[in-house]
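In what follows, a structure is listed as structure tokens, so that the remarks can point back to it.
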Protein chains: 2
Amino acid sequence: MSELIVKRTTLKQQVYDYLKDSILLGEFNPGERLIEEKIAETLNVSRSPIREAVRMLEKDGLLNVHQTGGVTVVNPTIEDYRSLYEVRVEMESLAAYFAAERCDDSEIALMETSIQEMAHEISIHNLKGLLRVNFNFHEIIVRASRNPFLISMTLQLRGINSFYRRAIVEGDPRNMENALRDHEEIFFAIRKRDPDFARECMRKHIEHDYQAFMKAVQK
Amino acid sequence: MSELIVKRTTLKQQVYDYLKDSILLGEFNPGERLIEEKIAETLNVSRSPIREAVRMLEKDGLLNVHQTGGVTVVNPTIEDYRSLYEVRVEMESLAAYFAAERCDDSEIALMETSIQEMAHEISIHNLKGLLRVNFNFHEIIVRASRNPFLISMTLQLRGINSFYRRAIVEGDPRNMENALRDHEEIFFAIRKRDPDFARECMRKHIEHDYQAFMKAVQK
DNA sequence: CCTCCGTCTACTGTATACAGTATTCTTCTA
DNA sequence: TAGAAGAATACTGTATACAGTAGACGGAGG
């Protein structure tokens, strides 16, 4: 019975998920070359689904194509991150604006829960949990924007952005306390249904994040 | 000798280009299902490169996956276009802002040329040329933003947006005259190196475009 | 006439095979 | 010892083969 459900996914999707997770969790080093045959062997699948997954990750901006064929894990420069944040600050601020206009009560409840969870993770110094719950808060807001393009593009940027992200937390514990305060502020603005204020709060928050990120990466 | 250059492209890339053009030029109808074997036969290639091209177009948002497998050409609703413009207005305005800060003289010259070409295409009522040169102007500005993420995402949105675009021109010839005036205004702002003004001009322009688009699509 | 069930077909998902080209390694020469 | 040429190897790009499944079609039972 549950087998029927299990079988409802394709190998190419599983490979895609596996590779994406591996890249984002740092199990492949930035700049490292990916060999189709090796992955095929590791996962016990043929190269066909792998090639398709690779093409998708390429479009996600997580893999670079070598002109001669073959792909490497993306290795963003400081300059790339500057560009990324230039766009991210605009997109997520816009998302906060729309979220304040459009989100429903259940989403507001989710945000509140997320903030509580974040406080908890901070108190127990759980790095992995912090990263997860932080991502989660932003995702709730972005999805509350009700704009599929904004959602997919923001999440794509977030993916690329999550490379050295753990360094932010490790670099200075107070970063996350500040982030929590930012989140609360954003949450209040959205709950008050004040789009412009929500937008400004988010803008400030992403700029804080940018500064923390840059400080953490300078190493 | 030139053969060496010619051979520097893969079938999957050619298939990708072919399918993308076909979709954007309306040679496949929105919602139409694409059959791998048919395309393979048409292009005299195997299904392998086609499958990879399809995965890329899927990520571009030009093909939808059917849960049972198989893909259909995307068929955006009015609501989708509203979402699209919500994002596009923000991204392209931001691009204009950065372009005013960062573009060099050669890019300014390109913009000027593009405007002249547009005036010419209007005077000879060349629909296809108009679409091309209009796209071209926006592309110059977006690239002048020097932000790779902004560039790729904006061009992606533009791709999806180019579906019913010809209807704008066909609907009312004055739309393009207005667009030309908008372009001039944007150009002056960028040449004056006035980022904020460039941003506002672009914002107004995209909003005009949105109105013209919606009016044209209501049919 | 409808609908339920089976078969048949068309298509996708995945594996495998093969050719061609980078890349690496080796060996020879200056 | 450095550098170049050539062979061996490692990968990719593409084609083909095969299995499984969804949907179409058609016939039997109500």
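The values are calculated or read from the model by the stated rules, or taken from the named source; none is laboratory data. If you're wondering where the values come from, they're calculated on a predicted model, not measured in any experiment. Note that we place each Cβ from the backbone using ideal geometry, even for glycine, and neighbour counts take in every protein chain shown. For the accessible areas, the whole protein counts, side chains as well, though only heavy atoms, and no ligand, DNA or RNA atoms are used. Shrake-Rupley method; radii C 1.70, N 1.55, O 1.52, S 1.80 Å.
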Does the range A:43-66 contain any residue that is open to solvent by 10 Å² or more (accessible area, probe 1.4 Å) and in contact (Cβ under 8 Å) with a residue 60 or more places away in the chain? yes
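Quick one: which helices (runs of 4 or more DSSP H) lie wholly within the range A:1-92 and hold at least 3 residues that are more than 16 Å from DNA strand C (Cβ to nearest atom)?
Numbers: elements: A:2-6, A:11-24, A:36-43, A:47-60.
Those helices (runs of 4 or more DSSP H) span A:11-24, A:47-60.
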Review point. Any residue at all in the range B:101-115 that is in a loop (DSSP other than H, G, I, E, B) and assigned by TED's automatic domain parsing to the domain that holds B:V169?
Key: yes
Within the range A:167-206, residues at pLDDT below 95 and of a type in the set (V, I, T) come out as A:I168, A:V169
When every residue in the range B:181-205 that is touching a Phe, Trp or Tyr at 6+ places or on another chain (Cβ under 8 Å) and surrounded by fewer than 20 Cβ atoms within 10 Å (Cβ to Cβ) is compared, the one farthest from B:F137 (Cα to Cα) is B:D196
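Being within 14 Å of DNA strand D (Cβ to nearest atom) and open to solvent by less than 90 Å² (accessible area, probe 1.4 Å) narrows it down to one residue among A:I39, A:I78; which is it?
Details: A:I78 fails: within 14 Å of DNA strand D (Cβ to nearest atom).
Among A:I39, A:I78, only A:I39 is within 14 Å of DNA strand D (Cβ to nearest atom) and open to solvent by less than 90 Å² (accessible area, probe 1.4 Å).
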Looking only at the range B:121-132, decide whether some residue is crowded, with 20+ Cβ neighbours inside 10 Å, among the hydrophobic types (A, V, I, L, M, F, W, C) and not in a helix (DSSP H, G or I).
no
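From A:R55, A:R82, grab the single residue that is within 21 Å of B:A95 (Cα to Cα) and facing chain B (nearest Cβ under 10 Å). Give the derivation first.
Working: A:R55 fails: within 21 Å of B:A95 (Cα to Cα).
Just one listed residue meets the conditions, A:R82.
Among the residues of the range A:133-157, which ones are open to solvent by 40 Å² or more (accessible area, probe 1.4 Å), more than 14 Å from every other protein chain (Cβ to nearest Cβ) and not charged (D, E, K, R)?
Here is the first cut: in the range A:133-157, the ones open to solvent by 40 Å² or more (accessible area, probe 1.4 Å) are A:135-136, A:139, A:143, A:146, A:148, A:152, A:155-156.
Those left that are additionally more than 14 Å from every other protein chain (Cβ to nearest Cβ): A:135-136, A:139.
A:F135, A:N136 - these are the residues of the range A:133-157 that are open to solvent by 40 Å² or more (accessible area, probe 1.4 Å), more than 14 Å from every other protein chain (Cβ to nearest Cβ) and not charged (D, E, K, R).
State whether one or more residues within the range A:84-95 are touching a helix residue (DSSP H, G or I) at 6+ places or on another chain (Cβ under 6 Å), farther than 24 Å from B:A144 by Cα and open to solvent by less than 10 Å² (accessible area, probe 1.4 Å).
Filtering the range A:84-95 down to residues touching a helix residue (DSSP H, G or I) at 6+ places or on another chain (Cβ under 6 Å) leaves A:84-85, A:87-95.
Subset that is farther than 24 Å from B:A144 by Cα: A:95.
Okay, now just the ones that are also open to solvent by less than 10 Å² (accessible area, probe 1.4 Å), so A:95.
Taking every residue of the range A:84-95 in turn, at least one turns out to be touching a helix residue (DSSP H, G or I) at 6+ places or on another chain (Cβ under 6 Å), farther than 24 Å from B:A144 by Cα and open to solvent by less than 10 Å² (accessible area, probe 1.4 Å).
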Of those in the range A:42-57 that are within 10 Å of DNA strand D (Cβ to nearest atom) and of a type in the set (A, V, I, L, M, F, W, C), the residue farthest from B:R55 (Cα to Cα) is A:I50
If we keep only residues of the range B:14-32 that are touching a residue at least 40 places away in the same chain (Cβ under 8 Å) and open to solvent by 60 Å² or more (accessible area, probe 1.4 Å), then the residue farthest from DNA strand D (Cβ to nearest atom) is B:N29
